[in-house]
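J.: One structure follows; several queries about it will come next.
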Amino acid sequence: LQSCAEMARARAHRDGAMRYRFYAPDLDAEAKSRLALQSELRTAFANSEFRLEFQPILDGWSLEICGFEALVRWHHPQRGRLLPDAFIHELEPLGLIEALDKWVIEQACLAARNWQRADHEPLTVAVNVSAHSFQRREFAAMIDAILERTGLRAACLEIEIIESIALEHPERAALSIDRLREIGVRVMLDDFGTGFSSLKHLRQLPFDGLKIDHSFVVDVLIDPRDAAIVRAMLALAHSLGLEVVAEGIETAAQLAWFQAAGCDRLQGFHFHRSMEQQAVIELLQLHPPVATPPVAQDIVL
Ligand code: C2E
Ligand code: CA
Ligand code: CA
């Protein structure tokens, strides 16, 4: 009974705050596969099965590549290349999330040190950091040490955090952001608009910019209400002096809309998917011709 109750509790916890779940037999199978995943994750670290890929981020005006977002993948010996949604949530209960975050930041900084654009404009690397790591008192000091070790300029590093981080402990989040800004590292609020109190966070915490979640990007051309919300987000962010990145741009029409709306940076499959370091170097060497920016007055916002 106790173990069944524990399975139901764990499931309720994963489903989000303030939930309850009854035990059902399917939770047994789920618990078994989670256990297997957890033991595989422990060895994944030892066997260096994690790899980083980088997705280009483009300047909203010139459509030149101005940086990359680092995205972790797990090259599972049997199941192949797994996306983070399949395993990230299991790292925290195992006490491994901090180790992963540290590894990702270090690898991303090492990679970015070797990037060079033909016109020598500096390229940034954005790294996703878990709530757990970001709230630690030593987080900024750890970043400082990694920058020192890898030789990457602080201005080339961006940390992306999601709203739940700010929600849990706003005062700790504020402390980390302040310290990072002192060092010269930028902090972006990721998945903006998906949480309950996005606006409160913008008021309370000194972010450098925000990333508009791709659920909004998809609907902007379909639903006038979404278009109105995104226009208001852009106006608000710009009036607060924040930079805006739109993520999940998949079509030429979405690109045209966000360009015309004055979005600072753009990211999505329409331009590039994530790629390994070697492909990044080749892409930067090729320096492909950029798409012609659309004429702003042709677009109805
Ligand atoms: P995110 O930070 O919102 O990352 C963007 C996600 O959107 C990536 O999925 C990317 O592949 C996907 N994406 C980019 N462009 C498009 C597009 O045009 N259309 C669609 N449909 N999707 C697009 P991915 O790599 O599966 O990452 C999922 C989430 O996992 C990330 O969401 C981030 O929250 C987390 N994550 C990824 N890498 C790391 C990491 O190194 N550390 C931590 N703590 N979390 C990570
Ligand atoms: Ca992100
Ligand atoms: Ca995001």
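The values are calculated or read from the model by the stated rules, or taken from the named source; none is laboratory data. If you're wondering where the values come from, they're calculated on a predicted model, not measured in any experiment. Using ideal geometry, Cβ is built from the backbone for each residue, glycine included, and neighbour counts are taken over all protein chains shown. SASA here: full protein model, heavy atoms, side chains in, ligands and nucleic acids out. Shrake-Rupley method; radii C 1.70, N 1.55, O 1.52, S 1.80 Å.
J.: Return the FRET efficiency for the residue pair GLN78, ALA31: r is the Cβ-Cβ distance, R0 is 22 Å, and the value is rounded to the nearest 0.05.
T.: My answer for the efficiency is 0.65.
J.: Now for a separate question. Evaluate the charge dipole of region 35-153 about its Cα centre and quote only its size in Debye, nearest 20, assuming +1 on the Cβ of each Lys and Arg and -1 on the Cβ of each Asp and Glu.
T.: 300 debye
J.: Here is a further query. How big is the charge dipole of the chain about its Cα centre, in debye rounded to the nearest 20, if each Lys and Arg gets +1 on its Cβ and each Asp and Glu gets -1 on its Cβ?
T.: 580 debye
J.: Find which of SER39, ILE281, ALA108 sits farthest along the positive direction of the dipole of the chain, computed with +1 on the beta-carbon of Lys and Arg, -1 on that of Asp and Glu, about the Cα centre.
T.: Positive-most Cα among the choices belongs to SER39.
J.: Does region 1-99 classify as rounded, prolate or oblate by the C-alpha gyration tensor (a ≥ b ≥ c root eigenvalues; a/c under 1.5 gives rounded; else a/b over b/c gives prolate, otherwise oblate)?
T.: prolate
J.: Where does the charge balance sit around PHE54 when Lys and Arg score +1, Asp and Glu -1, over other residues with C-beta under 9 Å from its C-beta?
T.: Once all neighbours under 9 Å are counted, the net charge is -3.
J.: How high is the relative contact order of the chain? Use alpha-carbon pairs under 8 Å, at least six apart in sequence, and give a whole percent.
T.: With pairs under 8 Å counted, the relative contact order is 17 percent.
J.: Based on the Cβ-Cβ distance from ARG149 to SER39, what FRET efficiency comes out when R0 is 30 Å, to the nearest 0.05?
T.: That pair, ARG149 with SER39, gives E of 0.45.
J.: Roughly how many Å is it from the Cα centre of region 203-234 to that of region 19-73, as a whole number?
T.: 25 Å
J.: Could you tell me which of ALA261, HIS13, PRO206 has its Cα farthest along the dipole of the chain towards the positive end, charges placed at Cβ (Lys, Arg +1; Asp, Glu -1), taken about the Cα centre?
T.: HIS13
J.: Leaving out ligands and nucleic acids, note down the accessible area per residue over region 115-159 with a 1.4 angstrom probe, in whole Å².
T.: I get 45 Å² per residue for region 115-159.
J.: So which residue, out of PRO122, PRO77, PRO170, gets the largest mean-square fluctuation from a GNM of the chain using Cα contacts under 10 Å as springs?
T.: Ranking PRO122, PRO77, PRO170 by mean-square fluctuation puts PRO77 first.
J.: Would you please classify the overall shape of region 81-173 from the alpha carbon gyration tensor, given that a ≥ b ≥ c denote the square roots of the eigenvalues, rounded means a/c under 1.5, and beyond that prolate means a/b larger than b/c while oblate covers the rest?
T.: Note, shape of region 81-173 comes out prolate.
J.: For region 122-138, list residues with backbone N below 20 Å from a point placed 7 Å from the Cα of GLU92 toward its Cβ?
T.: Of the residues in region 122-138, 127-138 have backbone N under 20 Å from the label point off GLU92.
J.: So, with a 1.4 angstrom probe, what is the percent of accessible area on the chain that is carbon and sulfur?
T.: For the chain, the apolar C and S fraction of the accessible surface comes to 55 percent.
J.: For the pair HIS132 and ASP178, what calculated FRET efficiency results from E = 1/(1 + (r/R0)^6), where r is the Cβ-Cβ distance and R0 = 22 Å, to the nearest 0.05?
T.: 0.70
J.: Which loop GluC sites (Glu not before Pro) in region 106-209, with loop taken from DSSP, have no more than 13 other Cβ atoms within 10 angstrom of their Cβ?
T.: GLU138
J.: Angle check, please: helix 26-46 long axis (alpha carbons) against the longest principal axis of the chain (alpha carbons), in degrees 0 to 90, nearest 10.
T.: Rounded to the nearest ten degrees, it is 70.
J.: What distance in nm separates the two pseudo spin-label positions at ALA279 and ASP15, each 7 Å out from Cα along the beta-carbon direction?
T.: Modelled inter-label distance: 3.8 nm.
J.: Can you compute 3J(HN,Hα) from phi for each residue in region 152-161, using the Karplus curve 6.51 cos²θ - 1.76 cosθ + 1.60 with θ = phi - 60°, rounded to whole Hz and x for Gly and Pro?
T.: 7, 5, 4, 5, 8, 10, 10, 10, 9, 10
J.: Give me log10 I(q)/I(0) at q = 0.09, 0.12 Å⁻¹ for the chain, Debye formula, one equal scatterer per alpha-carbon, no solvent.
T.: -0.49, -0.88
J.: Compute the angle between helix 277-286 and the longest alpha-carbon principal axis of the chain, please, reported from 0 to 90 degrees and rounded to the nearest 10.
T.: 10 degrees
J.: Given the -39500 (n - 2.57) contribution per DSSP H run of 4+ residues, what per-residue ellipticity at 222 nm results for the chain, rounded to the nearest 500 deg cm²/dmol?
T.: -14000 deg cm²/dmol
J.: Would you mind counting up the charge near LEU35? Only other residues with Cβ under 12 Å from its Cβ, with Lys and Arg at +1 and Asp and Glu at -1.
T.: -1
J.: Okay, next question. Could I have the simple spin-label model distance between ALA253 and LEU286, label points 7 Å from Cα toward Cβ, reported in nm to one decimal?
T.: 2.8 nm
J.: With a point put 7 Å past each Cα toward its Cβ, work out how far ARG225 is from ALA8 in nm, to one decimal.
T.: With each label placed 7 Å out from Cα toward Cβ, I get 3.6 nm.
J.: For the Cα atoms of the chain, what angle does the longest principal axis make with the long axis of helix 2-15, in degrees from 0 to 90, nearest 10?
T.: With both axes taken from Cα atoms, the answer is about 10 degrees.
J.: Okay, moving on. Excluding same-chain residues fewer than 8 positions from LYS211, which lysines have a Cα within less than 30 Å of its Cα?
T.: LYS102, LYS200
J.: Please say if region 199-279 is rounded, prolate or oblate, where rounded means a/c under 1.5 for a ≥ b ≥ c the square roots of the C-alpha gyration tensor eigenvalues, and otherwise the choice is prolate for a/b larger than b/c and oblate otherwise?
T.: In terms of gyration-tensor shape, oblate.
J.: Can you tell me how much longer the chain between GLU121 and LEU240 gets when fully stretched, taken as 0.36 nm per residue apart minus their C-alpha distance, in nm with one decimal?
T.: 40.3 nm
J.: What does the charge dipole of region 1-100 about its Cα centre add up to, to the nearest 20 debye, if the Cβ of each Lys and Arg holds +1 and the Cβ of each Asp and Glu holds -1?
T.: Approximately 420 debye in magnitude.
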